[in-house]
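Down below is the structure, laid out as C-alpha cells.
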Amino acid sequence: MLFRSGTPGTEISATVYFFRSPQLASLGSPQSVVADAQAHLCESQFRAVEREITSAHRDAQLLEEEAVTTSQQGVTFAGHKAVYKMSLPNFFGRAQTTRSEAYLFCYAGGQWSVEYRIDYPADHDAAGAIAKFMHDFQWTITPQP
C-alpha cells in the first residue's frame, strides 16, 4: 500500500505486512503465562525486524524505540515501534534522507503479526498523516474468541 500527499518532498510510503506470529504451545498454562511468553516472542520477532532494517540499510541510525498500542475491532494490541533515519537511493524517483518507522503487533487473531513500514522525508512532519493512516487502516483478521 502506498499513499502520497499533494506536494513533492512530502511523500509518504507505507507498506503493511501480515505473517504468522511465532508458535507457542501453552499446554494448559494460565493465561498470564501465555501472555508473558507471547510478549517475549513478539519482542524477539521485533528485534528480527530491526536487524532486517539495519542489514538492508547500513546507514540506518536508530532515533527512538518505544512500546505502542493499536486497536482493531475493539481489541487493543501491544506492539513495538522503532524510528530510523536513513538514506534511500530511490524514494519517489530521487535520493532522499528519510525517517523510517517500523511497527510490529503480534498475535492478532491469535496467530498473526502485522508489521507497518512507513518512510517519509526526514525534514517533513508526517505524524498527523501517519496517525490517521494507523487509525483508519482496518485489519481483516478475525478476532480471537
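Assorted remarks:
- Scan of the stretch 10-32 for residues that are over 20 Å from residue 43 (Cα atoms), modelled with pLDDT of 85 or more and either open to solvent by 80 Å² or more (accessible area, probe 1.4 Å) or in a loop (DSSP other than H, G, I, E, B) (or both), ordered by number: 10, 11
- Within the stretch 33-53, if we keep just the residues that are free of Cβ contacts under 8 Å to residues at least 12 places away in the same chain and either open to solvent by 60 Å² or more (accessible area, probe 1.4 Å) or within 30 Å of residue 89 (Cα to Cα) (or both), the residue that is farthest from the chain's Cα centre (by Cα) turns out to be 33.
- Considering the stretch 75-106, and only residues there that are touching a Phe, Trp or Tyr at 6+ places or on another chain (Cβ under 8 Å) and more than 20 Å from residue 52 (Cβ to Cβ), the residue that is most open to solvent (accessible area, probe 1.4 Å) turns out to be 78.
- When the stretch 98-116 is filtered for residues that are within 24 Å of residue 142 (Cβ to Cβ) and part of a strand (DSSP E or B), the ones remaining, listed by number, are 103, 104, 105, 106, 107, 108, 112, 113, 114, 115, 116.
- Failed condition for residue 71, given (1) open to solvent by less than 40 Å² (accessible area, probe 1.4 Å); (2) in contact with a strand residue (DSSP E or B) (Cβ under 9 Å, 6 or more places away or on another chain); (3) modelled with pLDDT under 95: (1)
The values are calculated or read from the model by the stated rules, or taken from the named source; none is laboratory data. The structure presented is a predicted model; accordingly, all values stated were derived computationally and were not measured. Cβ sites come from the backbone with ideal geometry, for glycine too, and all protein chains shown count toward neighbours. Note: accessible area is taken over every heavy atom of the protein model, side chains too, but ligands, DNA and RNA are not part of it. Shrake-Rupley method; radii C 1.70, N 1.55, O 1.52, S 1.80 Å.
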